[in-house]
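Computed from the coordinates by the stated procedures, all read-outs in this text should not be read as laboratory data. Model, not experiment: these values are computed from the prediction. Cβ placement follows ideal geometry from the backbone for every residue including glycine, while neighbour counts extend to all protein chains displayed.
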């Protein structure tokens, strides 16, 4: 018998061992998912066990960084840096979600990101050298975000150019939506993407911040001839 739990249709498995029956029921939105497992017997009360499903559970750790453009929320998983958001940014994680994260100023990735972002804001530019976790996005979003990483300092591109770059020339609007959902501001430089004709179009952190970041980058002097494309 199928049941709808956690927004998905799942068919509980059932294996009989004599008079004992073991069933599993999947529930949960997003990650983590869990299997609720119980054993039924005419001789015992149900034995209920809560255990993680086979999906990998990624612990998120976080710190807050004061920047010249306002507080930044930084997040990292064991895979790498997973988020850089301005506190009032559209699509930033909710307060409830952030409260479920572990505050850890000793996280090596967060420490490195803090150091590199402070250097960026002070005008001491080096290519960002950080492991990135972009797995929160769809396959299409991740493709767009990887393309953003190849937009070098001192240059801007249009949404149409990004669409051409990823071989989706008619997908400018979808590219724009994916750019707006970029979870790693500044490091993944969505602020370098402009509208057709160079118009200063929407930025989830606010247009004034987009203008400030582009102005800042116009004054930066690279200390390395190469630009990191991330991971």
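Things to note:
- Share of pairwise Cα separations in region 87-231, more than 19 Å, in percent: 54
- Calculated FRET value between residue 65 and residue 166, using beta carbons and R₀ = 41 Å, to 0.05: 0.85
- Residues 208, 145, 101 arranged by fewest to most Cβ contacts within 10 Å: 208, 101, 145
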